[in-house]
Amino acid sequence: MTTLSVKPGQRFTLPDWHTNSHLISADAERQRSASHQVRQEARALRNETNNQTKWDEHDNQTRLAERISSVNRWKETLDKCLADIDAEIDALAKVKEAAERALQAKNLPLDVSIECLTLRESRRAIDVVRDPVEEELHKEVKVIDKAKRQLQQRVNEAFEQLCLLQEARQQLSCDHRCKMEALEIDRVCLSLNVNSPNISFKVNPTRVPDGSTALDEWEQNSQCNKERAEAEMKASTELREATVLAIAQTNNELEAQRVATEFALRKRIRDLERAYDELKWQEQNSLEEIAEMEEDIRRLEEDLRRKTQDLKVAHTRLETRTYRPNMELCRDQVQYGLTDEVHQLEGTIRALKQKLAESQDALDALYRHLHRIQTDTGYKASSLVLDNKCMDSRRKLMVPAEKFVSEVDTFNRTTNRALKNGQLEL
């Protein structure tokens, strides 16, 4: 006979079973309530975090766009500043070249002035005079030297200012390149989204990079670069105006001195021509007077010979009558007349000899003065030739100086020549 097997283990009562069911149901309700709470909180958190993330991303997108706009405005400002400084560099370089050409063009007037002074050193004797022409030539040399010093100073200042402009431009260019790179980086950042292929986690992305600057420092740096460039451009503009004014002023001073020198030179040439003509007239008159004096001396000598012959006749008559015999040897009217004639002739001969000596002295003086006139005429002719050569040499100044610059001998340039104590140093 079979028997019913009994499962070993603890036996629960029916109330325990009901209690257990109620506990399970309560736990289920509690778990569902807790789960519902968690779900609601999760939904709220999702909504909150999604909104926060969305607005944060939107704000940062806006900040990036504003930053790009700000950097782009500075880039455009730097673009304009770079264009302005390039234009100023080009303008200043042209003015500097004009000043250098004007400085080089002063070599020809200086060479001509010193050539004129050198030519006039060949004057002789009394014509070696410190006349207005020489004074004006010395003034001209001083004016040219002063003009060259002024122009050289302007050229040096322009060179230094060009260096400052280039330095300011280099800083602007460096700042401009940095802004271009920053714009490119920020535009890449602006274009990133969750679907971009090149996004990834980075190591410590929130770190502050070395060399970081504050926004005020960034703004101040660009502002300083801009203000320095503007200041250098303003100084360059003032220097250009001063250089152009100096070129015009030196040209005007040199032209005025050239006119004064040539006026004095023309006046001196006219004076020399008048003096030369006067000397030639005096020479002609002296030659005529010498001819007349020689003729008068010849006549005086002829008269003296005749008077000497007459005196010989009178002497012979008196001597011959001394041989009259006895009482015939009387002092008659003939004797008295012959004696008076002898005395008269002797006085006449003495007067004629004295006048002949005086005439000969006057003739010698005329010859000496004629020689002096002819010598001085030679001096005047030589001085006239030299001053005309000076005038011919100065005609080169009437042609634009650039045509003569290439013809000036580099090794004979008069740049370093100077006048010491009014004397030309050769």
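The values are calculated or read from the model by the stated rules, or taken from the named source; none is laboratory data. Everything quoted here is computed from the prediction, not taken from an experiment. Note that each Cβ is placed from the backbone with ideal geometry, even for glycine, and that neighbours are counted across all protein chains shown. When the accessible area is computed, the model is the full protein with side chains, heavy atoms only, and any ligands, DNA or RNA have been set aside. Shrake-Rupley method; radii C 1.70, N 1.55, O 1.52, S 1.80 Å.
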Test: residue in the range 181-188 that is under 30 Å from A158 (Cα atoms), at pLDDT 90 or above, open to solvent by 100 Å² or more (accessible area, probe 1.4 Å) and assigned to a helix (DSSP H, G or I): no
Qualifying residue in the range 22-33 (condition: open to solvent by 70 Å² or more (accessible area, probe 1.4 Å), among the basic types (K, R) and part of a helix (DSSP H, G or I)): yes
Any hit, the range 231-250, residues being at pLDDT 90 or above and more than 30 Å from A105 (Cα to Cα): yes
Residue within the range 138-153 that is within 30 Å of A83 (Cα to Cα), surrounded by fewer than 19 Cβ atoms within 10 Å (Cβ to Cβ) and either in contact (Cβ under 8 Å) with a residue 40 or more places away in the chain or of a type outside the set (S, T, N, Q) (or both) present: yes
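Test N156 against the stated conditions and say whether it is open to solvent by 60 Å² or more (accessible area, probe 1.4 Å), without any contact (Cβ under 8 Å) to a residue 60 or more places away in the chain, under 18 Å from L92 (Cα atoms) and in a helix (DSSP H, G or I).
Yes; evaluated as a whole, the condition is true for this residue.
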Filtered residue count, the range 230-265, keeping only those that are under 30 Å from A83 (Cα atoms), of a type in the set (A, V, I, L, M) and open to solvent by 70 Å² or more (accessible area, probe 1.4 Å): 2
Number of the exception - Q220 against (1) open to solvent by less than 90 Å² (accessible area, probe 1.4 Å); (2) among the polar types (S, T, N, Q); (3) modelled with pLDDT of 90 or more: (1)
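State whether one or more residues within the range 273-291 are within 36 Å of the chain's Cα centre (by Cα), under 30 Å from D392 (Cα atoms) and crowded, with 16+ Cβ neighbours inside 10 Å.
Filtering the range 273-291 down to residues within 36 Å of the chain's Cα centre (by Cα) leaves none.
Scanning the range 273-291 turns up no residue that is within 36 Å of the chain's Cα centre (by Cα), under 30 Å from D392 (Cα atoms) and crowded, with 16+ Cβ neighbours inside 10 Å.
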One residue from F201, F263 being assigned to a loop (DSSP other than H, G, I, E, B) and aromatic (F, W, Y): F201
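Rundown of residues vs (1) in contact with a strand residue (DSSP E or B) (Cβ under 8 Å, 6 or more places away or on another chain); (2) open to solvent by less than 30 Å² (accessible area, probe 1.4 Å), yes/no style:
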position: D56; (1), (2): no, no
position: E88; (1), (2): no, yes
position: E97; (1), (2): no, no
position: E121; (1), (2): yes, no
Checking R258 against (1) part of a helix (DSSP H, G or I); (2) of a type in the set (D, E, K, R); (3) over 30 Å from D145 (Cα atoms), the condition it does not meet: (3)
The range 99-117, residues that are open to solvent by less than 70 Å² (accessible area, probe 1.4 Å) and within 14 Å of E140 (Cβ to Cβ): K106, N107, L108, P109, L110, D111, V112, S113, I114, C116, L117
Residue within the range 16-23 that is farther than 30 Å from D392 by Cβ, touching a residue at least 24 places away in the same chain (Cβ under 8 Å) and among the aliphatic types (A, V, I, L, M) present: no
Residues satisfying the stated conditions in the range 264-300, i.e. free of Cβ contacts under 8 Å to residues at least 12 places away in the same chain and of a type in the set (A, V, I, L, M, F, W, C): W281, A291
All positions within the range 121-136 that are charged (D, E, K, R) and within 17 Å of R395 (Cα to Cα): E136
The range 357-394, residues that are surrounded by 15 or more Cβ atoms within 10 Å (Cβ to Cβ) and of a type in the set (V, I, T): I373, T377
Selected residue (only one of K94, K106, K80 is touching a helix residue (DSSP H, G or I) at 6+ places or on another chain (Cβ under 6 Å) and basic (K, R)): K106
Matching option when the condition is of a type in the set (K, R) and open to solvent by 80 Å² or more (accessible area, probe 1.4 Å), among R63, R67: R63
